[in-house]
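Following: one structure in structure tokens, then a few remarks.
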Amino acid sequence: MTQSKKLPRVICIGAGPAGLTAAYRLSAEGADVTVLERDPELIGGISRTETYKGFRFDVGGHRFFSRSKEIENLWEEILGDQLLTRQRKSRIFYHHKLFDYPLRPLNALAGLGIFESVRCMLSYFKAKVFPNRDPQTFEDWVTNQFGHRLFSIFFESYTEKVWGLKCKEISADWAAQRIKGLSLGTAVWQALAPSGLRKKGGSPKSLIESFRYPRLGPGQMWEAAAEKVEQRGGKVIMGMSVDSLSRDIETGEWTVSAVDPEGARHDFVADDVISSAAISELVECIEPKPPEAIMTAGRMLRYRDFVTVAIIVKDVDCFDDNWIYIHDPEVKVGRIQNFKSWSPHLVPDPDLNCLGLEYFCFKGDGLWDSKDEDLIRLADEELIQLGLVTPGHVIDGTVIRQPRAYPVYDENYEERVALFRSWLDKNRPGLHLVGRNGMHKYNNQDHAMMTALLAAENIIAGEQLWDIWRVNEDAEYHEIGEDRTLAFSERQVPRQVPDQPDP
Ligand SMILES: Cc1cc2nc3c(=O)[nH]c(=O)nc-3n(C[C@H](O)[C@H](O)[C@H](O)COP(=O)(O)OP(=O)(O)OC[C@H]3O[C@@H](n4cnc5c(N)ncnc54)[C@H](O)[C@@H]3O)c2cc1C
């Protein structure tokens with residue numbers, strides 16, 4: 001007689017895309033799964049939907065796009081016809097003009113005008129005649145491809161706003177990956193050559209033309225996923241901030257302890273724990289405490305933080321892009337989302353719109369610590385300064401702060417993550433790291449979900465079927481094929497130059 005396999009009890013820390021995907025998969029198998037989420041109300045982590053006076057918006061504008069059919073199917077399965085297909089439109093804003101993105105040379109040169117175009121062309125020819133033979137930095141690399149003038153117009157300001165690093169401090173390999181195959185010469189060739197010959201010039205990395213987006217914002221996906229987990233017998237408990245994790249060496253059983261908003265403590269017991277909490281935070285929860293070197297490795301991981309100022313405006317003459325990149329260095333805003341273009345259902349009044357002004361910052365710097373009313377005033381002033389909104393058309397606004405929006409890839413991060421991982425593998429089996437900050441990887445939703453699916457499958461199988469750390473490897477795009485750990489993509493986060501040259 002065959003005995004049915006005992007399914008594990010699993011705790012997932014975090015109700016973001018990763019935690020919920022793991023719970024979704026595990027609950028489908030009938031496992032006893034509980035998701036503990038710190039936020040008292042909002043599901044979805046960074047991919048949640050915020051609401052203000054009936055206006056919905058998200059932290060950044062979340063495209064649902066994956067090269068993995070499995071992930072695309074999962075989104076369909078969870079949300080069905082609530083998932084819209086949207087055409088992508090995003091342009092670069094510079095000196096009161098909008099430029100196509102990706103850059104098209106004729107469009108760029110026409111927008112810049114004769115005088116500036118001539119300067120750009122001279123600067124380009126200079127870079128071709130006297131290239132930097134050993135480009136070390138982002139600035140060196142882009143200047144070699146486009147000339148310094150175009151670099152300073154179309155690359156410098158935005159890159160520095162996003163990463164908080166000078167382009168001289170960012171290593172060249174990142175530019176080589178992001179902008180691969182594109183130089184002004186090949187771009188002009190692509191624009192002018194007869195279509196049959198175009199491929200010979202080499203094509204730049206393609207940008208997706210369309211993507212999926214839930215009708216009511218990304219949180220709708222994760223609310224639906226949580227509902228399905230609960231229908232299958234799983235639990236999703238909000239307002240539970242996990243602050244302690246311990247494992248019984250004899251039984252292998254985990255006790256996960258969390259505090260609710262009233263300060264009451266709750267203990268949960270599990271065979272496995274899946275964590276999407278930031279490593280820097282998780283390391284503080286482990287009991288008994290790991291050795292000092294491991295604690296330091298976790299604590300030293302850094303993040304770039306993010307502020308969205310959602311501004312409600314009269315919907316007059318607004319750009320119709322999903323978002324625009326702001327390349328003007330005189331303003332602090334890095335990108336502006338037009339939420340109505342993501343989904344008209346995000347806006348309750350057809351005469352109004354909601355714009356999301358995005359400020360990249362570090363927690364504790366001036367921007368992060370500014371009062372909400374000052375940030376709203378700044379956003380209003382910058383919209384007018386850029387000429388994107390007529391004075392008097394801003395009606396209201398609100399501010400959302402997102403700590404740890406981007407894991408920072410500094411010189412030491414890989415070593416620190418590797419140290420923490422190898423200590424966990426040896427000393428705390430059954431604690432699985434998934435997701436974005438959970439693995440300190442610049443994972444988008446699809447990658448975060450894939451890591452969670454694979455972790456869930458390892459738990460169900462009771463063995464290490466998949467190497468989760470190979471998802472979204474720093475490698476060329478791989479078609480998903482047989483090996484789901486080789487699922488796609490290039491590295492999207494810059495590395496700092498190890499020995500920075502003097503400015
Ligand atoms: C500006 C911006 C734009 C983006 N745009 C896109 C996009 O267009 N497309 C895309 O696919 N991806 C996008 N992403 C990435 C996407 O948001 C992430 O990939 C995704 O949210 C990662 O999911 P996660 O579950 O790993 O982590 P998170 O979303 O960070 O969720 C982790 C959850 O764990 C909870 N948590 C943490 N610690 C604890 C604890 N101790 N106890 C209990 N709960 C805890 C948190 O509250 C959170 O809810 C964007 C990200 C940013 C910042």
>> What's the total number of residues in the stretch 442-455 that are closer than 22 Å to residue 69 by Cβ and within 10 Å of the ligand (Cβ to nearest atom)?
In response: 9
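Show me the helices (runs of 4 or more DSSP H) entirely contained within the stretch 112-178 in which 2 or more residues are in contact with a helix residue (DSSP H, G or I) (Cβ under 7 Å, 6 or more places away or on another chain) and at pLDDT 90 or above. I'd like the intermediate steps shown before the answer.
On the way: elements: 138-146, 148-151, 157-163, 172-178.
Those helices (runs of 4 or more DSSP H) span 138-146, 148-151.
Pick from the stretch 139-155 the residues that are touching a Leu at 6+ places or on another chain (Cβ under 9 Å) and over 20 Å from residue 114 (Cβ atoms): which of them is least open to solvent (accessible area, probe 1.4 Å)?
From the stretch 139-155, those touching a Leu at 6+ places or on another chain (Cβ under 9 Å) are 142-143, 145-147, 149-150, 153-154; that's our starting set.
Going one step further and asking which of them are over 20 Å from residue 114 (Cβ atoms), we end up with 142-143, 145.
Values: 142: 0, 143: 26, 145: 43 Å².
Out of the qualifying residues, it is 142.
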> Do we have residue 332 as in a loop (DSSP other than H, G, I, E, B), surrounded by fewer than 24 Cβ atoms within 10 Å (Cβ to Cβ), at pLDDT 95 or above and not hydroxyl-bearing (Ser, Thr, Tyr) here?
Replying inline: yes
> So which pairs qualify, if the first residue must be in the stretch 161-175 and acidic (Asp, Glu), the second must be open to solvent by 20 Å² or more (accessible area, probe 1.4 Å) and in a strand (DSSP E or B), the Cβ gap must be under 7 Å, and the two must be at least 6 apart or on different chains?
Replying inline: 169/496
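Is one or more of the residues making up the stretch 214-229 under 23 Å from the mean Cα position of the chain (by Cα), at pLDDT below 95, under 30 Å from residue 91 (Cβ atoms) and open to solvent by less than 30 Å² (accessible area, probe 1.4 Å)?
Looking for residues that are under 23 Å from the mean Cα position of the chain (by Cα), at pLDDT below 95, under 30 Å from residue 91 (Cβ atoms) and open to solvent by less than 30 Å² (accessible area, probe 1.4 Å), one finds none in the stretch 214-229, hence no.
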>> Suppose we filter 374, 410, 380, 320 for residues that are charged (D, E, K, R), at pLDDT below 95 and farther than 24 Å from residue 441 by Cβ; which single one remains?
In response: 320
>> Please go through the stretch 307-319 and give me each residue that is part of a loop (DSSP other than H, G, I, E, B) and either aliphatic (A, V, I, L, M) or touching a strand residue (DSSP E or B) at 6+ places or on another chain (Cβ under 7 Å) (or both), ordered by number.
In response: 315, 316, 318, 319
>> Can you tell me which condition residue 383 does not meet? The list is (1) crowded, with 17+ Cβ neighbours inside 10 Å; (2) within 27 Å of residue 303 (Cβ to Cβ); (3) not acidic (Asp, Glu), and all the others hold.
In response: (2)
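Please find, among 99, 55, the residue that is at pLDDT below 95, under 30 Å from residue 321 (Cβ atoms), open to solvent by less than 20 Å² (accessible area, probe 1.4 Å) and away from the ligand (no atom under 14 Å from the Cβ). Let's see the steps before the verdict.
Values: 55 fails: at pLDDT below 95.
Answer to the selection: 99.
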>> Can you name every one of the helices (runs of 4 or more DSSP H) wholly within the stretch 354-430 that holds 2 or more residues which are over 20 Å from residue 159 (Cα atoms) and not β-branched (Val, Ile, Thr)?
In response: 372-385, 413-427
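Hey, any hits in the stretch 36-52 for a residue that's among the small types (Gly, Ala, Ser), within 15 Å of the ligand (Cβ to nearest atom) and in a helix (DSSP H, G or I)? Don't jump to the end; show me each part of the working.
Just the residues of the stretch 36-52 that are among the small types (Gly, Ala, Ser), to begin with: 44-45, 47.
When the remaining residues are screened for being within 15 Å of the ligand (Cβ to nearest atom), the result is 44-45, 47.
Those left that are additionally in a helix (DSSP H, G or I): 45, 47.
Taking every residue of the stretch 36-52 in turn, at least one turns out to be among the small types (Gly, Ala, Ser), within 15 Å of the ligand (Cβ to nearest atom) and in a helix (DSSP H, G or I).
Rundown of residues vs (1) out of contact with any Lys or Arg (no Cβ under 7 Å at 6 or more places or on another chain); (2) without any contact (Cβ under 8 Å) to a residue 24 or more places away in the chain; (3) in a strand (DSSP E or B), yes/no style:
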{"residue": "242", "(1), (2), (3)": "yes, no, yes"}
{"residue": "255", "(1), (2), (3)": "yes, yes, yes"}
{"residue": "283", "(1), (2), (3)": "no, no, no"}
{"residue": "305", "(1), (2), (3)": "no, no, yes"}
>> Quick test for you: out of 269, 273, pick the one residue that is crowded, with 18+ Cβ neighbours inside 10 Å, part of a strand (DSSP E or B) and either touching a strand residue (DSSP E or B) at 6+ places or on another chain (Cβ under 7 Å) or of a type in the set (Gly, Ala, Ser) (or both).
In response: 273
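The values are calculated or read from the model by the stated rules, or taken from the named source; none is laboratory data. Bear in mind that the values here come from a model prediction, so they are computed numbers and not experimental data. FYI the Cβ positions are ideal-geometry reconstructions off the backbone, even for glycines, and counts take in every protein chain you see. Please note that ligands, DNA and RNA were not included when accessible areas were found on the heavy atoms of the full protein model with its side chains. Shrake-Rupley method; radii C 1.70, N 1.55, O 1.52, S 1.80 Å.
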